[in-house]
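To start, the structure itself, in structure tokens.
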Ligand code: C5P
């Protein structure tokens, strides 16, 4: 039987739909081994007492060396392995921020135009979130 993790026990992972000039940033994981080579929306776990927007800014700084500004929460909550769930925020680079660099957990980055979003092998669990992000671009 599958069990949904009660809301109070969930740990939120925030993923960034980082846009620049209408293109979406995808990051290829280099670790752990079972996720290596798959693409994701960069992000990570929200720490206890941390606001999700602050976690997003912190993770993008740690993982990609950029200064980003969260814009809006993309509607939806997607299950990862228990007790984690994925929330996504759109974000943009702050003026003067360097272009993202593959640093900690990623070995390649790609800016995807809307017609190329499905050309990378997204992590299974990111697919529904990316679908929602792609639809929101379409809605403008
Ligand atoms: O980066 P961090 O280790 O904090 O991510 C926490 C967990 O969330 C990892 O297991 C990672 O694979 C997962 N994750 C994900 N999709 C993302 C970002 C993180 O499944 N877009």
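Bear in mind these aren't lab numbers, they're just calculated from the coordinates by the rules spelled out. Note that the coordinates shown come from a computational prediction; the quantities given were computed from them, not determined experimentally. Here the Cβ is made from the backbone with ideal geometry for all residues, glycine too, and neighbour counts use every protein chain on show.
Does residue 100 satisfy being touching a residue at least 40 places away in the same chain (Cβ under 8 Å), under 19 Å from residue 35 (Cβ atoms) and buried (at least 17 other Cβ atoms within 10 Å of the Cβ)? For residue 100, the condition - touching a residue at least 40 places away in the same chain (Cβ under 8 Å), under 19 Å from residue 35 (Cβ atoms) and buried (at least 17 other Cβ atoms within 10 Å of the Cβ) - is met. How many residues does the stretch 101-136 contain that are within 10 Å of the ligand (Cβ to nearest atom) and part of a helix (DSSP H, G or I)? Total satisfying the criteria: 5. Please indicate, with yes or no, whether at least one residue in the stretch 57-78 is touching a helix residue (DSSP H, G or I) at 6+ places or on another chain (Cβ under 9 Å) and within 11 Å of the ligand (Cβ to nearest atom). Yes, there is a match, as at least one residue in the stretch 57-78 is touching a helix residue (DSSP H, G or I) at 6+ places or on another chain (Cβ under 9 Å) and within 11 Å of the ligand (Cβ to nearest atom).
On inspection, residue 79 does not qualify as over 28 Å from residue 5 (Cβ atoms) and surrounded by 15 or more Cβ atoms within 10 Å (Cβ to Cβ). With respect to the conditions (1) loosely packed, with under 13 Cβ neighbours inside 10 Å; (2) in contact (Cβ under 8 Å) with a residue 40 or more places away in the chain, residue 39 falls short on a single one, namely (1). Got at least one residue in the stretch 3-11 being near the ligand (Cβ under 10 Å from one of its atoms), farther than 27 Å from residue 119 by Cβ and in contact (Cβ under 8 Å) with a residue 24 or more places away in the chain? Within the stretch 3-11, one or more residues are near the ligand (Cβ under 10 Å from one of its atoms), farther than 27 Å from residue 119 by Cβ and in contact (Cβ under 8 Å) with a residue 24 or more places away in the chain.
Of all the numbered requirements in (1) loosely packed, with under 14 Cβ neighbours inside 10 Å; (2) under 16 Å from residue 105 (Cα atoms), residue 7 misses one, and that requirement is (2). Scoring residue 48 on the criteria (1) more than 20 Å from residue 110 (Cβ to Cβ); (2) within 13 Å of the ligand (Cβ to nearest atom); (3) without any contact (Cβ under 8 Å) to a residue 60 or more places away in the chain leaves a single failure, condition (2).
Put simply, of 41, 35 the only residue that is closer than 16 Å to residue 124 by Cβ, within 9 Å of the ligand (Cβ to nearest atom) and out of contact with any helix residue (DSSP H, G or I) (no Cβ under 7 Å at 6 or more places or on another chain) is 35.
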